[in-house]
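A.B. asks: I have a structure here, written as structure tokens, and I will follow up with some questions on it.
The values are calculated or read from the model by the stated rules, or taken from the named source; none is laboratory data. Fair warning: this is a prediction, and the values are worked out from it, not measured in the lab. Cβ placement follows ideal geometry from the backbone for every residue including glycine, while neighbour counts extend to all protein chains displayed. The area values use the complete protein model at the heavy-atom level, side chains included, leaving out ligands, DNA and RNA. Shrake-Rupley method; radii C 1.70, N 1.55, O 1.52, S 1.80 Å.
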Amino acid sequence: MSDHHDQPVVRRARPEGIPALVASSAALFAEDAGTRDATVDINWPLAQGAERFAAGVDDPARLSLVAEHDGEVVGHLVGTVAEGSAMRPVKLATLHSLYVRPPHRGTRTGAGLVAAFLDWAREQGARLAEVTAYAANADAIRFYERNGFGPHTLTLGQAL
């Protein structure tokens, strides 16, 4: 029987936690894009992630969250909000990156990260939240659907 102390704590990333955020992002790239998209540089988090994440820590339009269990980062979420355009005049929240280490999947850690992102997006005045997932990643699609997301647009691609 587990109690709530066994659950990871979701909080904003802090500057001293950037290396753990980079490591979590690198794990996502290796597991997801690395197995599904040959056009993605799976080394991007290691080469560029620290600078990108550090720049976002204090940016009010960007959210970087970590899930910690026993002092260890076991997952992350990165999202943004953006003002609308003349064509689509609503503030949009985009969930860019979400990863939970395999031993912590099925523990509601991902759901906690998504809930915190959606709360933040509402606080920022967003009227729509979106996320993309590889069509071949059925587990991610099911996860996002369980957390309130549904099909909105479909992007088709062709290798050239």
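A.B. asks: Is it true that residue 89 is within 17 Å of residue 24 (Cα to Cα) and open to solvent by 30 Å² or more (accessible area, probe 1.4 Å)? Quick ask: steps written out before the conclusion?
C.D. replies: Working: within 17 Å of residue 24 (Cα to Cα): no; open to solvent by 30 Å² or more (accessible area, probe 1.4 Å): yes.
For residue 89, the condition - within 17 Å of residue 24 (Cα to Cα) and open to solvent by 30 Å² or more (accessible area, probe 1.4 Å) - is not met.
A.B. asks: Right, here's the next one. Please state which one of 26, 38 is open to solvent by 90 Å² or more (accessible area, probe 1.4 Å) and either modelled with pLDDT of 95 or more or of a type in the set (A, V, I, L, M, F, W, C) (or both).
C.D. replies: Details: 26 fails: open to solvent by 90 Å² or more (accessible area, probe 1.4 Å).
Of 26, 38, the one residue that is open to solvent by 90 Å² or more (accessible area, probe 1.4 Å) and either modelled with pLDDT of 95 or more or of a type in the set (A, V, I, L, M, F, W, C) (or both) is 38.
A.B. asks: Do any residues in the range 49-75 that are more than 24 Å from residue 123 (Cβ to Cβ) and modelled with pLDDT under 95 have Cβ atoms under 6 Å from those of residues that are among the hydroxyl-bearing types (Ser, Thr, Tyr) and surrounded by 16 or more Cβ atoms within 10 Å (Cβ to Cβ), where the two are at least six apart or on different chains, and which pairs are they?
C.D. replies: 49/25
A.B. asks: So which pairs qualify, if the first residue must be in the range 124-143 and more than 10 Å from residue 94 (Cα to Cα) and touching a residue at least 60 places away in the same chain (Cβ under 8 Å), the second must be in a loop (DSSP other than H, G, I, E, B) and of a type in the set (Gly, Ala, Ser), the Cβ gap must be under 8 Å, and the two must be at least 6 apart or on different chains?
C.D. replies: Note: pairs meeting the criteria are 124/61; 140/133.
A.B. asks: OK, next. Can you give me the number of residues within the range 116-132 that are at pLDDT below 95 and surrounded by 18 or more Cβ atoms within 10 Å (Cβ to Cβ)?
C.D. replies: Matching residues across the range 116-132 total 0.
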